[in-house]
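Just below is one structure, and these are the notes that go with it.
No lab work stands behind these numbers, since they all come straight from the coordinates. Quantities reported herein were computed from a predicted structural model and do not represent experimental measurements. Ideal geometry is used to build each Cβ from the backbone, glycine not excepted, and the neighbour counts take in all protein chains shown.
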């Protein structure tokens, strides 16, 4: 597929979206051409920024007519290179950032309808404006877009209580690969009229259409939180603690985040204004948070549950936060790991999901297998223990050369992902496939799964213009 004559294409795009909707100069295009991790860089003749769904549909119709490939991009905060064009210059980048309207808030129905380009933090604020809560929360929420969250089925720190993005979407509006618009913006919790079409687009990474509007679920606004930091001697003890907390606290348990001692020390070494929350170190740590619409007894519930855990020998030390500032300091330790890794070296990252019952045996075997092929490995293992999502990373020195990094990455991916698969897990929990895991997908997905996905792609996008080279 090749982009048509540049002047002709630009003239027709100009007629569709106007000068404000086009970025053609190199300086203006630069932020759209490299992913935020700096791993992938591509080229394009034009970045198109439609202002609404009608303009998006017109652009896609033109691309379908001219067989011009489209790479849809939201906030460009992805971790897998799924929103970066290739080096050919033939792919058009379609940015949704001008589509940033909050379309409707229905406090009675507990729904929020937004354009796909609305920043996640702004969607959260819109919910708060009517005393409601939108729970999707992740490190990039100040710059990522709702459409991008939907396209990648983003996870974050509240999945334990509220689920992934897939669980938070009631309806979608999508421009299909031929330029038609599917008007699926329904705020219904029950709709038993056939296939769940919206489910096809959630997590599809722009390969089946352009998401332009989303109906999101809202929840009662939590009025109180209680936060604690615990230490444990083993991952088995932390998973047992998770079971205890679930049984004692029910849906009040909103976060259960795990860090190894190495992960915590990395943050303490490389992130300013941080300090260890406990006097004594331990092999494993967890950050636990409860939330409720009624704060009465919440801290007491947390304290009594953790006291029981101490009595049962599931934890070795506990610190319950006594202020919001202290809670924020604890969350800074957890959220500072990504920043610390960038400062400390180059990380070979694995965003994996496992049954919670398999987390401890996986981690033990993975450490042995990784060290067998790389004895000096610096393993940074952390993640969302409550939903079985580990970020199992291996940190190499900052000055490692490109060839060594590439070789080590290939080697360690094989070790870790083969073990993940043997435990019934997934090689991508919340970051998506993009171009990072595209080739591995064929190894770890069954032939039947791959065939079904390819059939869906062929049926919906027969000309293969939607984000080619990603996911499939």
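Here the Debye sum runs over all C-alpha atoms of the stretch 198-245 as equal scatterers in vacuum, and log10 of I(q)/I(0) at q = 0.14, 0.22, 0.23, 0.30 Å⁻¹ comes out as -0.75, -0.81, -0.85, -1.20.
Packing around the peptides 15-26, 46-57, taken as the average count of other Cβ atoms within 10 Å per residue, puts them in this order, highest first: 46-57, 15-26.
Spacing of the modelled spin labels on residue 343 and residue 443, each 7 Å from Cα toward Cβ, amounts to 3.4 nm.
Considering all alpha-carbon pairs of the stretch 102-220, what whole percent are spaced by more than 16 angstrom? Percentage above 16 Å: 56. List the residues of the stretch 20-54 whose backbone N lies under 17 Å from a point placed 7 Å from the Cα of residue 87 along the Cα-to-Cβ direction. Counting backbone N atoms under 17 Å from the label point, the list is 33-35, 38-45.
Efficiency by 1/(1 + (r/R0)^6): what FRET value for residue 398 and residue 131, r their Cβ-Cβ distance, R0 = 45 Å, to the nearest 0.05?
Details: r = 47 Å, r/R0 = 1.03.
So, using R0 = 45 Å, E works out to roughly 0.45.
Whole-percent P(r), the stretch 315-472, all Cα pairs, 10 Å bins from 0: 9, 31, 32, 19, 7, 1. Label positions at residue 275 and residue 450, each projected 7 Å from the Cα along the C-beta direction, are separated by 5.4 nm.
Past the 25 angstrom mark, what percentage of all C-alpha to C-alpha distances in the stretch 246-349 do you count? For the stretch 246-349, the share of Cα pairs beyond 25 Å comes to 25 percent.
Both numbers refer to the Cα atoms of the stretch 388-472; Rg and Dmax are 15.3, 46 Å.
Got a sec? How would 438, 166, 252 order by Cβ neighbour count within 10 Å, fewest to most? Present the calculation step by step, with values, prior to reporting the outcome.
Values: 438 17, 166 14, 252 23.
Listed from fewest to most nearby Cβ atoms, that is 166, 438, 252.
Using 0.36 nm per residue, how much length does the chain from residue 6 to residue 323 gain when fully extended, once their Cα-Cα distance is taken away? Provide the component values of the computation, followed by the final result.
On the way: separation 317, 0.36 × 317 = 114.12 nm, distance 5.88 nm.
Computed gain between residue 6 and residue 323 is 108.2 nm.
In the stretch 173-221, the C-alpha radius of gyration followed by the widest Cα-Cα span (Dmax) gives 12.0, 40 angstrom. Relative to the longest principal axis of the Cα atoms of the chain, the long axis of helix 235-249 lies at roughly 80 degrees. Taking every Cα-Cα distance in the stretch 373-422 and sorting them into 10 Å bins from zero, the calculated P(r) comes out as 21, 51, 24, 4 percent. For the chain, find the longest principal axis of its Cα atoms and tell me its angle to the long axis of helix 298-311, 0 to 90°, nearest 10. On a 0 to 90 degree scale, this one is about 60.
Between residue 224 and residue 422, the modelled label-to-label distance comes to 4.8 nm, taking each label 7 Å out from Cα in the direction of the beta carbon.
Per-residue packing, averaged as other Cβ atoms within 10 Å, sorts the ranges 110-119, 372-381, 422-431 into the order 110-119, 422-431, 372-381, beginning with the highest.
Computed from the C-alpha gyration tensor, the three semi-axes of the ellipsoid equivalent to the stretch 344-431 are 22, 13, 11 Å, from longest to shortest. At 25 °C and a viscosity of 0.890 mPa s, what translational diffusion coefficient does Stokes-Einstein give for the stretch 6-95, taking Rh as the Kirkwood radius over Cα pairs? Give it in µm²/s as a whole number. Using the Kirkwood radius from Cα pairs, D works out to 188 µm²/s. For q values of 0.17, 0.20 Å⁻¹, compute log₁₀ I(q)/I(0) with the Debye formula on a Cα-only model of the stretch 60-170, without solvent. Results for the stretch 60-170 at q = 0.17, 0.20 Å⁻¹ read -0.83, -1.05.
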